[in-house]
Amino acid sequence: MSIWRWADLIESVPEESRLTLGEGDTPVVRTRRIGPQAGLPNLYLKLEHGNASGSYKDRFAFSAISHMVANGQTKCIATSSGNTGAALAAYCAAAGIECHIALVEGAPLGKMSQMMAYGAKIARIREFGTDAAITIDVFERLKRLGDRPDSALQISGFVYSPLGMSGVRTMAFELAEQLPEGIDHVFCPAGGGGLCVAMSQGFQMLVSRGQIAQLPAVECVQPEGNDTIAGPLREGADEAREVVCTTKVSGLQVASVVDGHLAVEGCRATGGNGHLVSDAFVWQVQKRLAREEGIFCEPAGAVALAGALQAAKNGEIAEGATVVCTVTGSGFKDIAAVDRMNSDMNCPLLDAAAIDEW
């Protein structure tokens, strides 16, 4: 089924301008080992790495670039820590739109290579993504470029690109279809917070239309080194905050607020909370996903599950609750992280006779 079946629930795009690369309708699988071991027999994973460019950001790009097509715009001005850029580059290639992307300094090589393969023009910006002041300055400079008549600024945040971000709501719509008996918690990783906002909006739209009876609690999970949203949520604060980012989890290095205020408001409205996890625990959960569930994701894709496991350990999830964790990006996105995950493995060169000893 096409993702455009949700056209009436996202920002309107004329039918003749609608792009698709087969995004959406990603599977939901029940964990076989990790969930039961944590006392969560109904723990599910939403496998977003199955999208066209390998991450959930295709849900942003399909809508964003379709709106550009509809508006006759020919130059995409963007910023990314990796996955947004890869998604935009893919859809720009499909639409014949020129794509320029400013990257955070620590963007993984795999994601940069993917963007260049699609033909995007890219550059890394020193201290972008780790220093709040520089990050804000970069956003403002890109905004000026995006304001030109032939261009559009595409940043995966509602405060910058609400048309594209409306497409991310489709993940909530799919989850409601896939788990019709109801969901208690949906755990989402957060850098700028847009996924939390979109998920909150999507479920609230379905409740208001009478399409679901129960509003899932949207839970925001962040690395401890990028505590812009999760900490304020737990502390009862009304707004997110800027930080000096120290996490090494690629994709979640967003020191400025971006959609943070909206995420605090949206998560709290659903009954969700904030959860902080260490980088070391994220690496551990990433490895467990591969070796215990057969799911190969990048570190950011393991953050939601890390948050859920920590919440379960702390007694914050009721026994028998239906819990969904979003697995947001493929392991192929961050090869250095895969090397770390495989540090206890090797591939020896053997003679044929050695096979008999396996």
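Computed from the coordinates by the stated procedures, all read-outs in this text should not be read as laboratory data. The structure presented is a predicted model; accordingly, all values stated were derived computationally and were not measured. Cβ coordinates were reconstructed from backbone atoms using ideal geometry, including for glycine residues, and neighbour counts include every protein chain displayed.
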Whole-number percent relative contact order across region 58-164, with pairs defined as alpha carbons under 8 Å at least 6 apart: 34 percent
Given 313-322, 218-227, the highest-first ranking by average Cβ count within 10 Å works out to 218-227, 313-322
Given a cut-off of under 8 Å on Cα pairs at least six residues apart, what relative contact order in percent is computed for the chain? 19 percent
Note the full-extension length gain between Glu242 and Ala336 as 0.36 nm times their separation in residues minus their Cα-Cα distance, in nm to one decimal. 31.1 nm
Proxy exposure order for Leu309, Leu276 (fewest C-beta within 10 Å first) is Leu276, Leu309
Calculate for the chain the 222 nm mean residue ellipticity that helices alone would give, adding -39,500 (n - 2.57) per DSSP H run of length 4 or more and normalising by residue count, nearest 500 deg cm²/dmol. -11500 deg cm²/dmol
Given 0.36 nm per residue, what is the gain on full extension from Ser17 to Phe296 after removing their alpha carbon distance, in nm? 97.1 nm
Quick check: net charge around Phe128, other residues with Cβ under 13 Å of its Cβ, Lys/Arg +1 and Asp/Glu -1? -2
Subtract the Cα-Cα distance of Asp25 and Ala117 from 0.36 nm times their separation in residues, and report this length gain in nm to one decimal. 30.6 nm
Within the set Lys143/Lys333; Lys248/Lys287; Lys57/Lys111; Lys46/Lys121, which residue pairs have Cα atoms separated by over 22 Å? Lys143/Lys333; Lys46/Lys121
Over region 135-197, what is the relative contact order in whole percent, taking alpha-carbon pairs under 8 Å and six or more residues apart? 21 percent
Taking the number of other C-beta atoms within 10 Å as the exposure measure, put Phe60, Phe203, Phe332 in order starting with the fewest. Phe332, Phe203, Phe60
Could you tell me which trypsin sites (Lys or Arg not before Pro) in region 205-249 are loop residues by DSSP with no more than 14 other beta carbons within 10 angstrom of their beta carbon? Arg209
Rounded, prolate or oblate: pick one for region 175-285, where a ≥ b ≥ c are the square roots of the eigenvalues of its C-alpha gyration tensor, a/c under 1.5 means rounded, and failing that, prolate if a/b is larger than b/c, else oblate. prolate
Taking square-rooted eigenvalues a ≥ b ≥ c of the alpha carbon gyration tensor, is region 58-164 rounded, prolate or oblate, where a/c under 1.5 means rounded and, failing that, a/b exceeding b/c means prolate? oblate
Restricting everything to alpha-carbon atoms, can you work out Rg to Rh for the chain with a Kirkwood hydrodynamic radius? 0.97
